[in-house]
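What follows is a single structure, written as structure tokens, with notes after it.
The values are calculated or read from the model by the stated rules, or taken from the named source; none is laboratory data. Values in this document were obtained by computation on a predicted structure and should not be read as measured data. Heads up, the Cβs are rebuilt from the backbone with ideal geometry, glycines too, and the neighbour counts pull from every protein chain shown.
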Amino acid sequence: WGKGRRRILENNMNSYSLGEDRTLTIAREDITSLEVDAIVNAANKRMLGGGGVDGAIHRVAGRRLRAACEEIPETSPGVRCPTGEARITPGFELPAGKVIHTVGPVYLDAETSAPLLVSAYRSSLELANSEGLSSIAFPAISCGAYAYPLNEAATLALETCRTHVGALREIRFALFGEAGFEAWLETARSLGLEQSDEPG
Ligand code: AR6
């Protein structure tokens with residue numbers, strides 16, 4: 001792992017096999033630059049933009065993304081996407097085809113928050129599968145403004161992706177910060193994910 005780990009950090013990317021023709025890639029990169037079928041947005045319940053990755057996605061996608069979000073019906077006043085659920089829109093000016101908006105929990109404690117974070121990942125994967133997509137990229141949902149501890153979040157994220165990959169060919173984690181990137185790599189190793197040479 002010593003040498004391998006240095007190589008991975010230098011490459012800023014590492015890939016794992018999730019079974020036949022299924023790859024999970026962990027990379028240090030900006031999610032708004034990716035040409036995948038869908039990128040996942042760590043949104044809030046209103047779904048009309050915000051800071052962090054949500055702000056970055058809306059900036060690159062352009063004003064039509066906000067208009068598309070406004071079209072999504074509210075389930076209760078001010079709520080277009082309840083915590084743990086997901087909604088889909090086109091990607092507009094983004095290189096990605098679609099945006100899957102999901103809402104992670106504001107971190108309270110492991111017991112309360114874990115099922116909601118798992119649900120955010122699972123709902124996004126199920127929506128991608130039901131739309132027939134083959135590649136998806138996630139940010140570290142809830143790990144910024146919503147203060148989810150990185151190692152706990154990484155375990156839930158990777159376990160849920162392993163279980164709910166479905167027919168997706170590529171799941172990518174686009175991690176912006178070094179701490180997140182390292183937490184995801186370390187968790188992949190401790191979960192025993194099988195490394196693959198294939199670049200994602
Ligand atoms: N690409 C990939 N990851 C990014 C990028 C990017 N361009 N920019 C930030 N991150 P956050 P949350 C990482 O706060 O915790 C918003 O205001 C960032 O380093 O974006 O789910 C929404 O509107 C962090 O690791 O999302 C909500 O109100 C991760 O993305 C609220 O924040 C998530 O941080 C959601 O909070």
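Observations on the structure shown:
- Residue in the stretch 177-199 that is crowded, with 22+ Cβ neighbours inside 10 Å, in a loop (DSSP other than H, G, I, E, B) and not acidic (Asp, Glu) present: no
- Hey, Ala174 within 16 Å of the ligand (Cβ to nearest atom) and buried (at least 21 other Cβ atoms within 10 Å of the Cβ) or not: yes
- Check on Arg80, touching a residue at least 24 places away in the same chain (Cβ under 8 Å), surrounded by fewer than 20 Cβ atoms within 10 Å (Cβ to Cβ) and over 16 Å from the mean Cα position of the chain (by Cα): no
- Close Cβ contacts (under 6 Å, 6 or more residues apart or on different chains) running from residues in the stretch 38-62 that are touching a residue at least 60 places away in the same chain (Cβ under 8 Å) to residues that are assigned to a strand (DSSP E or B) and near the ligand (Cβ under 8 Å from one of its atoms) comprise Val53/Ala42.
- Members of the stretch 30-58 that are part of a helix (DSSP H, G or I) and either among the charged types (D, E, K, R) or modelled with pLDDT under 95 (or both): Asp54
- Annotation note: Cβ proximity below 6 Å between a residue of the stretch 1-29 that is in a strand (DSSP E or B) and a residue that is at pLDDT 90 or above and among the basic types (Lys, Arg) (sequence gap 6+ or interchain) occurs for Thr25/Arg172.
- Hits in the stretch 121-151 - residues which are crowded, with 19+ Cβ neighbours inside 10 Å, within 13 Å of the ligand (Cβ to nearest atom) and closer than 23 Å to Arg189 by Cα: Tyr121, Ala137, Phe138, Pro139, Ala140, Ile141, Ser142, Cys143, Tyr148, Leu150
- Scope the stretch 157-169; condition more than 12 Å from the chain's Cα centre (by Cα) and buried (at least 20 other Cβ atoms within 10 Å of the Cβ); matching residues: Val165, Leu168
- Residues of the stretch 59-80 that are more than 9 Å from the ligand (Cβ to nearest atom) and in a helix (DSSP H, G or I): Arg59, Ala61, Arg63, Arg64, Leu65, Arg66, Ala67, Ala68, Cys69, Glu70, Glu71.
- Of the numbered criteria (1) in contact with a helix residue (DSSP H, G or I) (Cβ under 7 Å, 6 or more places away or on another chain); (2) surrounded by fewer than 18 Cβ atoms within 10 Å (Cβ to Cβ); (3) closer than 30 Å to Arg189 by Cβ, the one Glu93 fails is (3).
- Options Glu93, Glu111, Glu126: the member that is part of a loop (DSSP other than H, G, I, E, B), farther than 13 Å from Ala42 by Cα, of a type in the set (Asp, Glu) and at pLDDT 95 or above: Glu93
- Picking from residues in the stretch 41-50 that are within 16 Å of the chain's Cα centre (by Cα) and within 6 Å of the ligand (Cβ to nearest atom), the one that is nearest to Ala174 (Cα to Cα) is Ala42.
- Of all residues making up the stretch 74-109, the number that are touching a strand residue (DSSP E or B) at 6+ places or on another chain (Cβ under 6 Å), under 19 Å from Gly52 (Cβ atoms) and of a type in the set (D, E, K, R): 1
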